[in-house]
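Here's the structure, in structure tokens; my notes come after.
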Protein chains: 2
Amino acid sequence: MSSEALAVAAGVKPTQLRKDLTYFGQFGTRGLGYDVDQLAQMISDLLGTNRLQPVILVGVGNLGTALLSYRGFEQEGFEIIAAFDADVRRPRDKALTVPLYEMEHLGRIIQDRGVKMAILSVPAISAQSVANQLVDVGISGILNFSPSMLTVPESVVVNSVNLAIELENLSYFIQQ
Amino acid sequence: MSSEALAVAAGVKPTQLRKDLTYFGQFGTRGLGYDVDQLAQMISDLLGTNRLQPVILVGVGNLGTALLSYRGFEQEGFEIIAAFDADVRRPRDKALTVPLYEMEHLGRIIQDRGVKMAILSVPAISAQSVANQLVDVGISGILNFSPSMLTVPESVVVNSVNLAIELENLSYFIQQ
DNA sequence: ATATGTGAATAGGTTCACAGCC
DNA sequence: GGCTGTGAACCTATTCACATAT
């Protein structure tokens, strides 16, 4: 497949796609294009999604519950192996398939299962305190859904997704 | 409040914050800083979040249900006034507070309520077809949660959030 | 003939440094 | 004295143009 065709599929320009790929090596054949399987394998290796990665989720409220039942993660090679909440007895409307634990078991489970990444879906007010706990037990990546700035050591990576801001963004660009 | 203090709160550099603000005007006082209330008002005007904006949601599955019960949107001035699904009778585990309609009522409700923006949380397979329907009934902004590239007319703005990609992103940066 | 890989050119965004104003 | 606003300098990212390989 040519960079032209791949670029159309990805919604970028062909030169952009080629330039980006070359930062990681040479994967195409001149006059021919790219081997899609080989390319997918390479990207999967690069992202670490070639083998199933265990992930935990902290904060099983509305959003947390939805993220637990969201199929998209496992399709990309992630498995949410455990969920944690400050109140495990709080009423929840769905029979969870993922085991739900008290916060005190965080350290043990992360260590036992070699978990590197955590999904954080707690209210803004407790986000920093839970982030601190995650850092303490050795988590190295946090996907933060709470609308708050997290302060963490340099060695820990935070990726924040703020759903309300995504809507605000859209609201700005459609200028009413 | 100084740009220094605001920048710390926002997690950016003070010069960045000042430069960005000046693209929309002059809001600070030299030697003194910014009036926070006035600044918040200005940004709210700019984003169109100064008055409550009606929004609809299409696709009431796992993620859609969660988004409906997510409080973050209304806090920022958005109200999800209606939800739509191809199958309104599909079993759902939560008593929805938002009215749920068949897709055929899309046009009428959008017109009646002056809705400009839609949240799209349908499976990837039906995303483009539903996006087309949204465009047809006059929606001008789509917040897309499905893992697919949407093709829409120039006049329509799409903002895509792919939760799995956000995790992959994190996975890459923590290089295992 | 066709399509990649890449240096050079261009565009875009961030930071610096300081003049200007309170 | 303190802090904003902003041109200039710098850095990063995208696009062009074409040599290179099949």
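The values are calculated or read from the model by the stated rules, or taken from the named source; none is laboratory data. These numbers come from a predicted model, not from an experiment. Please note: Cβ atoms are built from the backbone with ideal geometry, for glycine as well, and neighbour counts cover all protein chains shown. Areas reflect the complete protein model, heavy atoms only, side chains present, ligands, DNA and RNA absent. Shrake-Rupley method; radii C 1.70, N 1.55, O 1.52, S 1.80 Å.
Would you work out which of B:Val115, B:Ala83, B:His105 lies farthest towards the positive end of the dipole of region B:65-159? Charges go on Cβ: Lys and Arg +1, Asp and Glu -1.
Checking the options against the dipole of region B:65-159, the answer is B:Ala83.
Which value, in debye to the nearest 20, describes the size of the charge dipole of the protein assembly as shown about its Cα centre when Lys and Arg Cβ atoms bear +1, Asp and Glu Cβ atoms bear -1, and nothing else is charged? Each step should come with its number before you reach the end.
On the way: 26 positive and 36 negative charges, 22 e Å.
So the dipole magnitude of the protein assembly as shown works out to roughly 100 debye.
Tell me, in nm to one decimal, what length is gained between A:Thr22 and A:Asn169 on full extension, where the rule is 0.36 nm per residue of separation less the Cα-Cα distance? Spell out each step's value before the answer.
On the way: separation 147, 0.36 × 147 = 52.92 nm, distance 3.19 nm.
That works out to 49.7 nm of additional length.
List the chymotrypsin sites (Phe, Trp or Tyr not before Pro) within region B:12-95 that fall in a DSSP loop (any state other than H, G, I, E or B) and whose Cβ has at most 13 other Cβ atoms within 10 Å. Present the calculation step by step, with values, prior to reporting the outcome.
Details: sites: B:Tyr23, B:Phe24, B:Phe27, B:Tyr34, B:Tyr70, B:Phe73, B:Phe78, B:Phe84; in loops: B:Tyr23, B:Phe24, B:Phe27, B:Tyr70.
Passing both the DSSP loop test and the Cβ count: B:Tyr23, B:Phe24.
Whats the longest run of chain B with zero trypsin sites (Lys or Arg not before Pro) that are DSSP loop and have at most 13 other Cβ atoms within 10 Å? List each step's numbers first, then the result.
Working: sites that count: B:Arg30, B:Arg51, B:Arg71, B:Arg89.
Between the exposed loop sites, the longest stretch runs B:90-176.
Taking the label point as lying 7 angstrom from Cα along the Cα-to-Cβ axis, what are the distances from A:Gly31 to the corresponding position in the remaining copies, in ascending order and in nanometres?
So the label point of A:Gly31 gives 7.4 nm to the other copies.
Mind checking B:117-127 for the average number of partner chain beta-carbons within 10 Å of each residue's beta-carbon? Write out the running numbers ahead of the final one.
Working: counts 5, 1, 4, 0, 1, 0, 2, 2, 0, 0, 0.
The mean count of partner-chain Cβ atoms within 10 Å per residue comes to 1.
Taking the Cα centroid of region A:52-83 and of region B:66-90, what is the distance between the two, rounded to the nearest whole Å?
21
Given axes a ≥ b ≥ c from the Cα gyration tensor, I'd like to know whether region A:87-135 is rounded (a/c under 1.5), prolate (a/b larger than b/c) or oblate. Let's see the in-between values first.
On the way: a/c = 1.93, a/b = 1.15, b/c = 1.68.
Oblate is the answer for region A:87-135, as a/c is 1.5 or above yet b/c matches or exceeds a/b.
Work out from phi, with θ = phi - 60° and the Karplus expression 6.51 cos²θ - 1.76 cosθ + 1.60, the ³J(HN,Hα) of each residue of region A:81-91, listed in order in whole Hz, and give x for Gly and Pro.
Result, ordered by residue: 8, 7, 10, 10, 8, 5, 10, 6, 8, 3, x Hz.
Shortest first, in nm, what separates the label point of B:Asp136 from those of the same position in the other copies (7 Å along Cα→Cβ)?
5.6
Counting other Cβ atoms within 10 Å, keep those with at most 10, restrict to DSSP loop, and tell me which GluC sites (Glu not before Pro) in region A:57-156 are left. Please report the intermediate quantities before stating the final value.
Working: sites: A:Glu74, A:Glu76, A:Glu79, A:Glu102, A:Glu104, A:Glu154; in loops: A:Glu76, A:Glu154.
Answer in residue order: A:Glu154.
Please calculate the 1.4 Å probe accessible area of B:Ile56, with all protein chains present, and give it to the nearest 10 Å².
0
Where the only charges are on Cβ atoms (+1 Lys, Arg; -1 Asp, Glu), what is the dipole of region B:56-117 about its Cα centre, to the nearest 20 debye? Display every interim value, and only then the final one.
On the way: 8 positive and 9 negative charges, 15 e Å.
With Lys and Arg at +1 and Asp and Glu at -1, about 80 debye.
Just to be sure I understand: chains B and A are related by a rotation, so which residue of B has its Cβ closest to that axis, and how close in Å?
Residue and rounded Å distance to the axis: B:Ala66, 1.
Extending each Cα 7 Å along its Cβ direction at B:Arg51 and A:Arg89, get the distance between those two points in nm, one decimal.
Label-label distance for B:Arg51 and A:Arg89, simple model: 4.8 nm.
Using the heavy atoms of the protein chains and a 1.4 angstrom probe, tell me the accessible area per residue for chain B in square angstrom.
Details: 9440 Å² over 176 residues.
So chain B comes to 54 Å² accessible per residue, rounded to a whole number.
In nm, one decimal, shortest first: how far is the label point of A:Pro99 (7 Å from Cα along Cα to beta carbon) from the matching points in the other copies?
4.6
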